[in-house]
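**Q** Pasting in a structure now, in structure tokens, and then I'll have a few things to ask.
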């Protein structure tokens, strides 16, 4: 049954209905075509054997049970986890420290901000290339520095034990500025009268840090924590450029495996299954983010 | 008199301690700042020296041998002008698409009630949590079989579709759920009285959007624009999948040309890297405020 234009609704609301639909038409066509449909299609492909040249054939959960026993995927998962656990807390602590230092009357703050934010502007390819050169075993600056102070030169990205850490150091350099700017914004949002009141009460610097600054930074900290974990779990470009996942499998990551399986070995069904695992991890983290961040702030 | 003296010396001591912490603070910050910038300096220095002079660096030899040959080599070697053009088109088109479509959808979701708006918005929220890598395979298959493009027939068979074309590069990046969400949240934070007043005066919904809401959402639009441009300019994963030749190759991919299995041409590579990063650096230095405010805005709103 079609609902007739409702007299009770009135022309203004009807206008809004129509305008709303027209406004979202273009964005939603693109959005449904290039985000929603591929998402459903990817979930379907993860249950198939698909090599692109032939049509996908349904195999149920075979890809997933194979994933569980796949040593390379497990290595990729562990590498990604180590990378995340190493990069996220380190850059957060450093960023918070720098933000606290910069959140004072400081001359040349613009220059400092530019310096710390510059790495954020680089792509993982650009930063990867620059650090590849700095890590170069022969003429790279890091080994030259090592030699000039009498330390033995290292093979960095070519050493299975150092490769992942080398990539992580680059990532910390690259992410620090972004995290710092968020912390700085949160610090500047703390009402100054709280500090003034505690001054009257005779609080010292450390009191103020522990009972005003840090508690009020909690939402920003949580936001940064979860979003950094999410982006760290998707690490790919830097690994692709700097190590190609090597030496051996020392630096291969989940997304790197998705890329290799999907577009090098044309195991697109298997790659989709790996992507679904990544999706589950990221979806869970995002939900936690929403749950904690939104409790006070209505979405609807 | 006596007490005054004591007081003076006390505050002098305080001043000394204050000065010391000040010096330490600036010293530390400068050290940290310099170490952030060092990789860029190394990039520039390497790009401005002939390849045979990479080792045994002295400042004097650097200044006396400054030359641009690496830039010339990079520009000629790798059809860099084509890559630059492709990257610019990709970034500008993505920015225009994400800002205009994001603004429209964000306004509709934030202010207008229409049939199906809740379901559609839930879809936006869900897709926001999808890692883009999950969409790589389906998007590739879809664009390969795009009907009537790149030699394909109506059913999407026969040719290469939109693979290795600028439309194929751009299309999936025209709308992002993040953009819609950011614009909706920002729209929600604006007062609705202005729009209501205009409605009473007889303004249509399009007039209200264009003349009243759009100017008010400018901070969010600038933020979204900067993010969209930066993301597209720096994008690597999607071009890696979709671009197979200079037709649609971007700068980020083009840099790979200088890397060989055994020998990397560091000079031209660093020149190419400098060319790639320069536009964003310039935009950042002149629009620093917008970047910083944008990060803060998304940190608190989105």
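All of the numbers you see were taken from the coordinates with simple rules; none came from a lab. Because the structure is predicted, anything quoted here is derived from the model rather than measured. Cβ placement follows ideal geometry from the backbone for every residue including glycine, while neighbour counts extend to all protein chains displayed.
**Q** Over the C-alpha atoms of the stretch B:144-258, what are the Rg and the largest Cα-to-Cα span, Dmax, in Å?
**A** 20.3, 63
**Q** Run the Debye formula on the Cα coordinates of the protein assembly as shown, all scatterers equal and no solvent, and tell me log10 I(q)/I(0) at q = 0.12 1/Å.
**A** The Cα Debye sum returns log10 ratios of -1.36.
**Q** Take peptide B:119-127, look around each residue's Cβ out to 10 angstrom, count Cβ atoms belonging to other protein chains, and average those counts.
**A** Counting other chains' Cβ atoms within 10 Å and averaging over B:119-127 gives 4.
**Q** Over chain B, what is the relative contact order in percent, taking alpha-carbon pairs closer than 8 angstrom and at least six residues apart?
**A** After rounding, I find 27 percent.
**Q** A further question on this structure: Counting partner chain Cβ atoms within 10 Å of every residue's Cβ in B:108-114, what's the average?
**A** Across the residues of B:108-114, the mean count of other-chain Cβ atoms within 10 Å is 6.
**Q** Separate question: What ranking of A:147, B:205 emerges when the number of other C-beta atoms within 10 Å of each C-beta is taken as an exposure proxy, fewest first?
**A** A:147, B:205
**Q** Suppose a student asked you for the relative contact order of chain A, using Cα pairs under 8 Å spaced at least 6 residues apart; what percent would you report?
**A** Taking the mean separation of contacting Cα pairs over the length of chain A, I get 28 percent.
**Q** Turning to a different aspect of this structure: Can you classify the stretch A:74-131 as rounded, prolate or oblate using the Cα gyration tensor, where a ≥ b ≥ c are the square roots of its eigenvalues, rounded means a/c under 1.5, and otherwise it's prolate if a/b beats b/c and oblate if not?
**A** oblate
**Q** Here is a further query. What is the mean number of Cβ atoms from other protein chains located within 10 Å of the Cβ atom of each residue in peptide B:29-42, rounded to a whole number? All intermediate terms of the calculation are to be shown ahead of the outcome.
**A** On the way: counts 10, 4, 0, 8, 9, 1, 2, 12, 5, 4, 13, 7, 1, 6.
Taking all residues of B:29-42 together, the mean is 6.
**Q** Let me ask another. What does the helix-only formula give at 222 nm for the protein assembly as shown: each DSSP H stretch with n ≥ 4 adding -39500 (n - 2.57), the total divided by the residues, and the result rounded to the nearest 500 deg cm²/dmol?
**A** Helices in the protein assembly as shown give a 222 nm mean residue ellipticity of -21500 deg cm²/dmol.
**Q** Could you tell me the calculated FRET efficiency between residue A:288 and residue A:104, based on Cβ-Cβ distance and R0 = 35 angstrom, to the nearest 0.05? Walk me through the intermediate numbers first.
**A** Values: r = 33 Å, r/R0 = 0.95.
In this case the efficiency is close to 0.55.
**Q** Hey, rough spin-label estimate for residue B:289 and residue B:26, points 7 angstrom out along Cα→Cβ, what's it come to in nanometres?
**A** Roughly 2.6 nm, to one decimal.
**Q** What is the extension gain from residue B:155 to residue B:118, computed as 0.36 nm multiplied by their sequence separation minus the C-alpha to C-alpha distance, in nm to one decimal?
**A** That pair, residue B:155 and residue B:118, stretches by 10.0 nm at full extension.
**Q** Peptides A:49-57, A:138-146: what's the order by average Cβ count within 10 Å, highest mean first?
**A** Values: A:49-57: 13.6, A:138-146: 16.0.
Ranking the peptides A:49-57, A:138-146 by packing returns A:138-146, A:49-57.
**Q** If the viscosity is 1.567 mPa s and the temperature 4 °C, what translational diffusion coefficient in µm²/s does Stokes-Einstein give for chain B when Rh comes from Kirkwood over Cα pairs?
**A** Result for D is 55 µm²/s.
**Q** Cα gyration tensor of chain A, axes a ≥ b ≥ c as square roots of the eigenvalues: rounded (a/c below 1.5), prolate (a/b > b/c) or oblate?
**A** Working: a/c = 2.26, a/b = 1.06, b/c = 2.14.
Note, shape of chain A comes out oblate.
**Q** Moving on. Apply 1/(1 + (r/R0)^6) to the Cβ-Cβ distance of residue A:161 and residue B:38, taking R0 = 25 Å, and write down the FRET efficiency to the nearest 0.05.
**A** 0.50
**Q** What FRET efficiency comes out for residue A:216 versus residue B:125 if R0 is 35 angstrom and r is the Cβ-Cβ distance? Round to the nearest 0.05.
**A** Once the sixth-power term is evaluated, E becomes 0.80.
**Q** Further question on the same structure: Does the stretch A:1-139 come out rounded, prolate or oblate by the C-alpha gyration tensor, with a ≥ b ≥ c the root eigenvalues, rounded set by a/c under 1.5 and, if not, prolate when a/b is larger than b/c and oblate if not?
**A** Oblate, since a/c reaches 1.5 and b/c is not below a/b.
**Q** Contact order normalised by length for the stretch A:1-142, with contacts defined as Cα pairs under 8 Å and 6 or more residues apart; what percent is it?
**A** About 7 percent, as a whole number.
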